[in-house]
Structure formats: structure tokens, C-alpha cells
Amino acid sequence: MIVVGGGVLGLSTALELVRRGVGDVHVIERSHPGEGSSGRSVGMVETQYFRADDIEARVYGRRYYDSVSAEHGLQFSACGYLRLGSSRTDLETFEKSVDVQRGFGVTDAYVLSADEIAGRWPQLVTDDRVGGLFGASDGHIDGYEFCTIAARLITSGGGRVSVNNELLGATLGSDGRWSLDTTRGRFEADVVVNAAGAWAARVGDLLGAPAPLHPQLHGAVTMDLRNPVEPLLPFVMDYVPDSGTDGVYFRSERAGQLIAGLHTDEGVHEPVSPDVKLRRVGDDEIERVLTLMAERLHVVDDLSVSGSWQGIYPMSPDHRPVVGRHPDQPTVVCALGTGGSGIQLAPAVGLVAAEAVLEARPTFAWSRTWAPDRLTADTPPRPIS
Ligand SMILES: Cc1cc2nc3c(=O)[nH]c(=O)nc-3n(C[C@H](O)[C@H](O)[C@H](O)COP(=O)(O)OP(=O)(O)OC[C@H]3O[C@@H](n4cnc5c(N)ncnc54)[C@H](O)[C@@H]3O)c2cc1C
């Protein structure tokens with residue numbers, strides 16, 4: 001069993017397989033665990049979504065990271081997550097989300113009015129917002145740290161993680177076994193998991209198992225505050241899923257620093273090559289982040305940009321994860337396409353992918369909706385609603 005890609009999705013899948021007693025799990029990683037998008041995220045793990053399947057997958061992720069935190073020392077910073085709403089319809093949707101979350105055992109998500117938000121975090125501008133959906137114990141992890149811990153657990157559980165090992169070619173023998181050519185030699189496998197992040201389309205082509213992707217370039221910016229402000233801000237997301245646009249997010253890193261960026265779960269950014277040179281965030285994007293933050297924060301005049309970085313959202317054409325056996329090559333299992341939610345979705349993706357490998361009974365009733373057979377190589381991106 002070979003997993004191509006040592007990001008959060010590949011490592012979660014491999015770890016799930018090792019925990020289920022699969023003895024020959026081998027992750028091949030072109031660079032080092034976490035060197036792809038997983039080490040470039042801002043690491044939010046939260047459940048403030050609307051569809052029951054989106055919520056259940058994230059509740060599973062939240063609990064998974066809690067246990068990695070308790071048992072293996074992964075740092076989880078429970079800063080809280082506040083999704084702002086601007087219409088009565090948003091608030092109704094938020095109320096429904098709270099009910100669905102309760103059904104999955106989340107008891108500390110609730111809807112706050114604009115006045116309650118302003119009372120708790122006076123730095124926030126709330127006049128043009130009607131309220132927000134707040135997850136009190138949501139928080140963030142360091143994706144790179146999780147990858148390091150997961151790689152260690154895979155190895156100590158009897159699996160293998162080989163670094164600086166790139167998949168270059170693949171042949172399916174008449175005996176149904178894969179022969180994979182890599183920079184570190186030839187390896188055999190009965191099943192191959194494609195967890196190559198933004199490069200998954202390329203790996204899919206090598207395996208004759210097309211995986212259409214529309215990778216998006218995203219950045220994150222750190223901003224220092226001249227006058228440190230308290231209380232610390234939770235992760236504030238001024239974007240509502242399926243709104244047809246992107247929105248700004250920010251959170252306190254400490255009293256004197258914020259981390260901010262632009263987020264969307266939709267196809268509103270132009271696709272890029274996975275090999276795009278990652279740099280600091282460009283001036284235009286920083287300008288847009290600052291403009292949107294100025295609408296949301298009283299303290300924006302105090303801000304100065306102190307750093308930034310870019311990474312890739314590995315976005316599928318319909319903006320949903322692609323997980324399961326490939327219709328053209330059933331011995332290829334996809335674990336890809338999580339866009340800007342891959343950290344929080346990785347535990348659920350790892351579970352669904354491992355179940356696909358083992359042809360085990362699915363834990364989630366809806367896991368079939370993530371299956372790759374809904375997409376073909378030329379599936380166009382979903383139009384913006
Ligand atoms: C700025 C930013 C902020 C984000 N914030 C969040 C957030 O707050 N919460 C959240 O949930 N998500 C967030 N994300 C999204 C998240 O980072 C991704 O969805 C997730 O990391 C994808 O994981 P992956 O394992 O699919 O990909 P990757 O981490 O990219 O892993 C794929 C790996 O495959 C390897 N690989 C590629 N080709 C080959 C090959 N031929 N052979 C061997 N190995 C190969 C690569 O080297 C790479 O390490 C953010 C992303 C960015 C860029």
C-alpha cells in the first residue's frame with residue numbers, strides 16, 4: 001500500500017490504515033511531511049458550517065485533533081471562531097447550524113447578536129452586521145506540527161514514511177499490482193492512494209486515474225499593532241459559504257499581532273499551476289485585506305504589515321473533497337481536493353479513504369458523496385452562484 005503525498009490528507013490516511021492493522025503502509029513524499037499546503041495554512045479547525053455532512057466531518061476532525069493533542073502533545077489553541085452574518089437569512093441559517101451541531105454533540109456553538117459581539121470584542125465594527133455564529137472552543141493547530149507527529153506515529157506503528165522521494169511513473173501489471181518508479185527506486189503496491197495535494201492532477205495522470213483540480217493561490221498576512229488590544233480577537237470570518245465571493249478573516253496571534261487573509265470555499269480565484277512560485281503576498285492583495293479589515297475593525301489605523309506567505313488551496317471543480325476508489329482505476333484511492341479546509345477535514349478524509357482502501361463499511365452515511373466518480377477529467381469548475 002503506497003500513499004503518494006505526506007501532507008495532512010496522506011498522513012491521516014496512512015495513520016488510519018496503520019491503526020487498523022495494515023502492515024505495509026508506505027508514504028512517499030517528494031519533499032518532507034508538511035512541506036506542501038499543510039505547512040502553509042493558518043490551521044483553523046472549526047465546525048461553523050451549515051450542511052449536516054460538512055458539520056459532521058468537521059466535528060469528527062475537531063475531536064480527532066483533541067485526542068492527538070491529549071495523547072501526543074499537538075498544540076491546539078482554542079481561540080474561538082466567529083462567522084459574521086449580514087442578513088436575517090444568515091441568522092436563520094446560523095440557528096439551524098447550531099441545532100445540527102447539537103445533534104452531533106457540539107454544545108458550545110451559539111448565535112450572537114451584533115450588540116453581543118460588540119460587547120465582547122469592542123474592536124469589531126458590527127453596525128452593518130446582524131450577528132454571528134460563534135464556536136467557543138474552536139481553534140487552530142499548526143499543520144506542520146501535526147504532519148510531524150503523524151509521520152512519527154505511522155513509523156512507530158510499523159509503517160514507513162520516505163522523504164525526498166518523488167513519484168515519477170507508474171505501471172499496472174497484469175497481476176493487478178502497481179510498480180511505482182520514484183526518485184528512490186521502484187516500489188510495488190496493491191493499492192495506491194493519491195494524496196498529492198495541489199499536484200494530485202499530475203499524479204492522477206501518472207496513474208491513469210484523472211483527478212481534475214483547480215488549485216488557488218492564497219496568502220496570509222501578519223500585522224503588528226502599535227497599541228496592543230485586549231480582549232484577544234477570536235478567528236473572525238467575514239465570509240458566508242456559497243455567497244459567491246470571498247471575504248476577509250483575521251484573528252489575534254497575541255495582543256500585539258493579528259493574522260489575516262482572504263478566504264473562499266468557491267471558485268472565485270483564478271486557477272494556478274501547482275508549481276507556481278510561492279512568494280510574499282502581493283501589494284494588491286494586501287491592500288484588499290486592509291480595505292476589508294478597515295470595514296470590520298476600529299483599530300486598523302494602528303496596523304502595520306510585518307510578514308506574509310503564500311500557499312495553495314487544492315480545490316476540486318465542485319469545491320468538495322474527492323475521496324474514494326477511482327472509477328477508471330479501482331486500485332487507486334483519491335484523498336484530495338479539500339481547498340481551504342484541508343486541515344479541519346483531514347481526519348474525516350483519512351477515515352473515508354482508509355475505509356475505501358479496505359472496502360470497509362463506511363462510518364459516515366454520506367461518504368459516497370465524496371466519491372471521485374462524480375467528476376471527469378474535463379469537469380468544468382462550478383459556476384459562481
Ligand atoms: C494560506 C492558507 C491558509 C489555510 N488555512 C486553512 C485553515 O485555516 N484551515 C484548514 O482546514 N485549511 C486551511 N488551508 C488549506 C489546507 O492547508 C489544505 O487544504 C491542506 O493542507 C491540503 O493538504 P494535502 O495533504 O491535500 O496537500 P499538501 O499538504 O500539499 O500535501 C501534498 C504533498 O504531496 C507531495 N507530492 C506532490 N507530488 C508528489 C509526487 N509526485 N511524489 C511524492 N510526493 C508528492 C507534496 O510534496 C506535498 O507535501 C489553508 C491553506 C492556505 C494556503
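At 0.36 nm per residue, and after removing the present C-alpha to C-alpha distance, how many nm does the segment from Asp302 to Ser243 gain when stretched out fully?
18.2 nm
So how strong a dipole does segment 209-341 carry about its Cα centre when Lys and Arg Cβ are +1 and Asp and Glu Cβ are -1, to the nearest 20 debye?
Using Cβ point charges on Lys, Arg, Asp and Glu, segment 209-341 gives about 440 debye.
Could you point to the residue in Ser367, Val248, Pro274 farthest towards the positive end of segment 248-371's charge dipole, with +1 and -1 charges on the Cβ of Lys/Arg and Asp/Glu respectively?
Farthest along the dipole direction, towards plus: Ser367.
In whole angstrom, how far apart do the alpha carbon centroids of segment 21-93 and segment 219-254 sit?
Each part's Cα centre sits 18 Å from the other's.
Stretched out fully, how many nm does the piece from Glu230 to Arg254 gain, at 0.36 nm a residue minus the Cα gap?
Answer, rounded to one decimal: 7.7 nm.
Helix 143-156 versus the longest principal axis of the chain: what angle, 0 to 90°, nearest 10, using Cα atoms?
Once rounded, one gets 30 degrees.
What relative contact order, as a whole-number percentage, does the chain give when Cα pairs under 8 Å and 6 or more residues apart are counted?
22 percent
Please compute the length gained on full extension between Thr155 and Trp366, using 0.36 nm multiplied by the number of residues separating them and subtracting their Cα-Cα distance.
Computed gain between Thr155 and Trp366 is 72.8 nm.
Probe radius 1.4 Å, ligands and nucleic acids left out: which of Asp275, Asp318 has the largest accessible area, and how do the rest follow?
Sorted by accessible area, descending: Asp275, Asp318.
With every protein chain left in place, what is the accessible area of Arg368 in Å² (1.4 Å probe, nearest 10)?
Roughly 150 Å² of Arg368 is accessible to a 1.4 Å probe.
Report, in deg cm²/dmol and to the nearest 500, the calculated mean residue ellipticity at 222 nm for the chain, where each DSSP H run with n ≥ 4 adds -39500 (n - 2.57) and the sum is divided by the residue count.
Taken over the chain, the calculation gives -9000 deg cm²/dmol.
About the Cα centre of the chain, what is the dipole size in debye to 20, counting +1 per Lys and Arg Cβ and -1 per Asp and Glu Cβ, all else neutral?
That gives the chain a dipole magnitude of about 900 debye.
The values are calculated or read from the model by the stated rules, or taken from the named source; none is laboratory data. Computed from a prediction, not measured in an experiment: that's the story for all the values here. Counting neighbours? That spans all protein chains shown, and the Cβs are built from the backbone with ideal geometry, glycine included. Calculation scope for accessible area: heavy atoms of the full protein, side chains included, ligands and nucleic acids excluded. Shrake-Rupley method; radii C 1.70, N 1.55, O 1.52, S 1.80 Å.
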